[in-house]
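Notes follow the structure.
The values are calculated or read from the model by the stated rules, or taken from the named source; none is laboratory data. Everything quoted here is computed from the prediction, not taken from an experiment. Here the Cβ is made from the backbone with ideal geometry for all residues, glycine too, and neighbour counts use every protein chain on show. Side chains included, ligands, DNA and RNA excluded: accessible areas come from the protein's heavy atoms. Shrake-Rupley method; radii C 1.70, N 1.55, O 1.52, S 1.80 Å.
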Amino acid sequence: MKFSRTTLILILLALGLGSFVYFYEIRGATQREEVKEKKQQIFAFTADDVQSLKIATAKLSLALERNPQDSPPKWLLKSPVSEPANDAIVSYLMDLLVKGKSDRSLSIPPNQKGDFGLDNPQATINITLKNQQSHQLLIGATNFNRRLLYVQADPSVKLDGNIDVLLVSTDFENAVNRDLSEWKQPVVNNDKTPTPTPTSK
């Protein structure tokens with residue numbers, strides 16, 4: 001059977017279109033779904049589940065506990081000082097822990113942790129929940145363009161011997177690298193003594 005040149009071109013176009021639809025729509029959709037799934041929440045707990053936080057950076061180690069009283073502040077500093085905490089600063093970090101999502105994840109051998117700044121992390125956050133479950137977040141180095149951070153959530157070695165490294169927002173770095181004064185509740189100046197006005201002579 002002979003086909004005209006036009007018919008052959010149409011057949012080839014149809015095959016090409018079919019291949020495109022298969023690779024883009026079917027296989028591509030699966031790959032896009034996998035990427036979408038990887039962009040997921042770091043932790044599954046809520047802010048109300050958290051009882052205490054311990055944060056260790058190169059310049060500071062501090063402990064925070066939820067205030068057992070219903071009155072403000074919601075959080076108390078327990079170490080290195082014992083006084084009310086800055087709720088806004090703690091809430092900012094808590095929001096990242098609860099709602100923060102990983103952009104994507106990498107599976108690496110443990111001996112490569114140093115390449116991602118995780119052998120000596122710039123910050124470690126230990127989280128204790130009200131049900132006594134604990135979680136940990138290790139904050140490593142930024143990626144090549146400094147737009148994302150390498151972190152490890154609840155570090156563990158998988159069955160294949162590798163570890164998971166997540167890429168998250170650099171907001172985590174900003175949230176923990178603070179001076180002690182920033183973690184303390186701001187002092188409200190209630191001194192309303194009127195400033196004396198000059199008297200006319």
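Things to note:
- In region 109-124, residue nearest to the chain's Cα centre (by Cα) [restricted to those that are open to solvent by 20 Å² or more (accessible area, probe 1.4 Å) and free of Cβ contacts under 8 Å to residues at least 40 places away in the same chain]: P121
- Selection within region 36-79 - assigned to a loop (DSSP other than H, G, I, E, B) and closer than 23 Å to V188 by Cα: N67, P68, Q69, D70, S71, P72, P73, K74
- Flag if P84 is of a type outside the set (S, T, Y), over 19 Å from P155 (Cβ atoms) and at pLDDT 95 or above: yes
- Residues in region 68-81 that are modelled with pLDDT of 95 or more, more than 13 Å from S181 (Cβ to Cβ) and either of a type in the set (A, V, I, L, M) or open to solvent by less than 60 Å² (accessible area, probe 1.4 Å) (or both): W75, L76, S79.
- Region 118-176 - residue that is acidic (D, E) and out of contact with any helix residue (DSSP H, G or I) (no Cβ under 8 Å at 6 or more places or on another chain) and, of those, farthest from I108 (Cα to Cα): E173
- Checking each residue of region 93-108 against the condition of being more than 14 Å from the chain's Cα centre (by Cα) and open to solvent by 70 Å² or more (accessible area, probe 1.4 Å) gives no match.
- Number of positions in region 155-184 that are open to solvent by 60 Å² or more (accessible area, probe 1.4 Å), in a loop (DSSP other than H, G, I, E, B) and out of contact with any Ser or Thr (no Cβ under 9 Å at 6 or more places or on another chain): 4
- Criterion: on the phi < 0 side of the Ramachandran plot and either open to solvent by 30 Å² or more (accessible area, probe 1.4 Å) or in a helix (DSSP H, G or I) (or both) - qualifying residue of Q136, Q152, Q132: Q136
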